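Report on the structure given below.
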Amino acid sequence: MADFNEPQVNEPATAKAPIWRPIVGAVAAVAVAFCGWSAWQYTQGNDPLAFLGSSAFQTVAETDDGAPQITTASDAAATTTTITVTADDVCAAAATLSFDGADVSVASDRVVAVISDGGIWIEQATTDGAAAMVEATARRAAALATWANGQGVGFKQVTWISEDANGAVRMVVRFACEGAPASGDTAALLSSASGYAISGNAFAELGSVAFAQTGGEAPSLPDAAEVPVIASKTADGEVLTETKATNRVVDENGDEVSSKSSVSGDDGNVTGDEGNSLSADDSGAVSADAASAQQADTVTVTITVDGSAAGAGSSSATLTLEPGATVYEAIANCGVSINAKSTGYGMYVSSIAGLAEKDHGSMSGWMYSVNGVTAGVACSSYVLSDGDSIYWWYANVEY
């Protein structure tokens, strides 16, 4: 029988080693082995980490039909393509256009293209009769819209502007690139256009047709301004002949300085500019003395260019021009450098002798008057009479 008065003695249990120690040891052994193997691989000129770029690290995605699709970084790089379409590309495409199997091309140097905000604008001077012009304009615009849709760059619409030899808009039509018509007569094409407008002069010449003078939303220029189409028939009508004039430039003493030739209806840019001193409701009428000027052998005028408001100089010259010459032809042939562009209203002179619009404030630019009266039409629409005095000045200067 135990003596409960004797003290009890508890003997300690045998101590157990932690289970993670052999795991750590194994990992350390593997690491040491890998380091040694890697060092040996480097000495052999190999990349010990090359296995990281193998197919084991490809990403797997589900396609629409549920089948796995494997994409690697190299695959993605191979399928990335940058597509660029320039205005020159558009002009080149215009020279290859066909519609419903018929050739509707126009030489690339006879059109000007502008690409802006997902759209294409084409400007073309045409001397065709009204019926041929309307048909060709609609077909060319539709054909170009189909071409643009196939370029894969997201073009949304094509606007084609046909003008007469003086730059007055005869017709404008716009087609959406997606779903542009590939066949149909003029009436069908215009009914499927986003918008179109035909000038009063051209529409009057058409006679009885199966379409209206305008339809859809009025097409606009790249700056969102509406393309200026004169809806009423004007007394002067359209200018459907190209004119080539040789202008003899003389100085104040009457001595010949140079002789230059110019052809109307060959150039232009689609812009929002309105032409010098031209407002949107102008009819494009030329000076009342145009008929008498045509009868004269020559037209002698004086021209002054005054940039003094912007700190530039002022100079004058006397020019002898052929009958029918315009203010634009005078400034283009007076011996000073100019920059000009064609707009829906006519030629717009943006720079003379290196002094450009907006050089001295957002509203600064060149204006002109004839015989002291500020003109109400573009400089390319004002026909000069013998003895006229032209004055160009730089206005609205802000310092």
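The values are calculated or read from the model by the stated rules, or taken from the named source; none is laboratory data. The structure presented is a predicted model; accordingly, all values stated were derived computationally and were not measured. Cβ atoms come from the backbone with ideal geometry, glycine included; neighbour counts cover every protein chain shown. When the accessible area is computed, the model is the full protein with side chains, heavy atoms only, and any ligands, DNA or RNA have been set aside. Shrake-Rupley method; radii C 1.70, N 1.55, O 1.52, S 1.80 Å.
Only a single criterion out of (1) within 22 Å of GLU205 (Cα to Cα); (2) crowded, with 21+ Cβ neighbours inside 10 Å is not satisfied by ALA132, namely (2).
Looking for something closer than 16 Å to LEU240 by Cβ and either open to solvent by less than 30 Å² (accessible area, probe 1.4 Å) or not in a helix (DSSP H, G or I) (or both) - is there at least one such residue anywhere in segment 137-144?
Residues of segment 137-144 closer than 16 Å to LEU240 by Cβ: 137.
Those left that are additionally either open to solvent by less than 30 Å² (accessible area, probe 1.4 Å) or not in a helix (DSSP H, G or I) (or both): 137.
Yes, the conditions are met somewhere in segment 137-144.
Residue pairs, Cβ under 6 Å, 6 or more apart or interchain, first in segment 135-161 and within 18 Å of ALA92 (Cβ to Cβ), second crowded, with 20+ Cβ neighbours inside 10 Å and of a type in the set (Lys, Arg). List them. From segment 135-161, the pairs are TRP160/ARG140. Only a single item in (1) without any contact (Cβ under 8 Å) to a residue 60 or more places away in the chain; (2) part of a loop (DSSP other than H, G, I, E, B) is not met by SER315, and it is number (2). Scanning segment 107-126 for residues that are open to solvent by 60 Å² or more (accessible area, probe 1.4 Å) and out of contact with any Pro (no Cβ under 8 Å at 6 or more places or on another chain), we see that the one that is nearest to LEU206 (Cα to Cα) is ARG110.
Would you say THR343 is within 22 Å of GLU163 (Cβ to Cβ) and without any contact (Cβ under 8 Å) to a residue 60 or more places away in the chain? Taking the combined requirement at face value, the residue does not satisfy it. Close Cβ contacts (under 6 Å, 6 or more residues apart or on different chains) running from residues in segment 232-245 that are modelled with pLDDT under 80 and open to solvent by 40 Å² or more (accessible area, probe 1.4 Å) to residues that are among the β-branched types (Val, Ile, Thr) and in a loop (DSSP other than H, G, I, E, B) comprise LEU240/THR127. Across segment 298-312, the number of residues qualifying as assigned to a strand (DSSP E or B) and of a type outside the set (D, E, K, R) comes to 7.
Does at least one position in segment 169-177 carry a residue that is over 19 Å from THR96 (Cα atoms), open to solvent by 30 Å² or more (accessible area, probe 1.4 Å) and not in a strand (DSSP E or B)?
Going through segment 169-177, the residues over 19 Å from THR96 (Cα atoms) turn out to be 169-174, 176.
Keeping just the survivors that are open to solvent by 30 Å² or more (accessible area, probe 1.4 Å) gives 174, 176.
After this cut, where a residue has to be not in a strand (DSSP E or B) as well, the list is none.
No, every residue in segment 169-177 fails to be over 19 Å from THR96 (Cα atoms), open to solvent by 30 Å² or more (accessible area, probe 1.4 Å) and not in a strand (DSSP E or B).
For ALA188, indicate whether it is open to solvent by 20 Å² or more (accessible area, probe 1.4 Å), within 29 Å of ALA378 (Cα to Cα), free of Cβ contacts under 8 Å to residues at least 12 places away in the same chain and in a helix (DSSP H, G or I). Give the steps one after another, and end with the answer.
Numbers: open to solvent by 20 Å² or more (accessible area, probe 1.4 Å): yes; within 29 Å of ALA378 (Cα to Cα): no; free of Cβ contacts under 8 Å to residues at least 12 places away in the same chain: yes; in a helix (DSSP H, G or I): yes.
No, not satisfied.
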